[in-house]
């Protein structure tokens, strides 16, 4: 089990997403900011629908940034809250290029991505 938001977890994410199908033009640099007692920053980079980098820290010039509380992030990881519900409730904030974000929808809606995320959740200690 990889502890959530550790170096081991970032490697797990890369391992489980490495075989996603290529999707031309689905490129983005996503910054996540989790607020709470200790803010946590991490990011994902996708190139043609494939996750090429996941790391703790801050990106220079992300395409968009997602901000939420650490607790809401854990609820999403547990399946207690969906990202769509968090966004609709205003507990997840989005800043940046909506156009770039929309290019990732086919990636994130794909069965392969959903299966990878399920494997990551099953192997993550929260």
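Bear in mind that the values in this text are calculations on the coordinates, not laboratory data. Model, not experiment: these values are computed from the prediction. Ideal geometry is used to build each Cβ from the backbone, glycine not excepted, and the neighbour counts take in all protein chains shown.
Odds and ends about this structure:
- Computed [θ] at 222 nm, deg cm²/dmol, the chain (DSSP H ≥ 4; -39,500 (n - 2.57); rounded to nearest 500): -11000 deg cm²/dmol
- For the range 2-121, the relative contact order comes to 26 percent (Cα pairs under 8 Å, sequence separation of at least 6).
- Cα centroid of the range 25-47 to Cα centroid of the range 84-124, whole Å: 11
- In whole percents, the pair-distance distribution calculated for the range 2-121 from its alpha-carbon pairs, binned every 10 Å from zero, is 13, 46, 38, 2.
- Förster radius 22 Å - calculated FRET efficiency between residue 69 and residue 101 (Cβ-Cβ, nearest 0.05): 0.60
- Antiparallel %, DSSP beta bridges [both residues in the chain], to 5: 70
- Efficiency of FRET from Cβ geometry, residue 40 and residue 87, R₀ 25 Å, rounded to 0.05: 0.85
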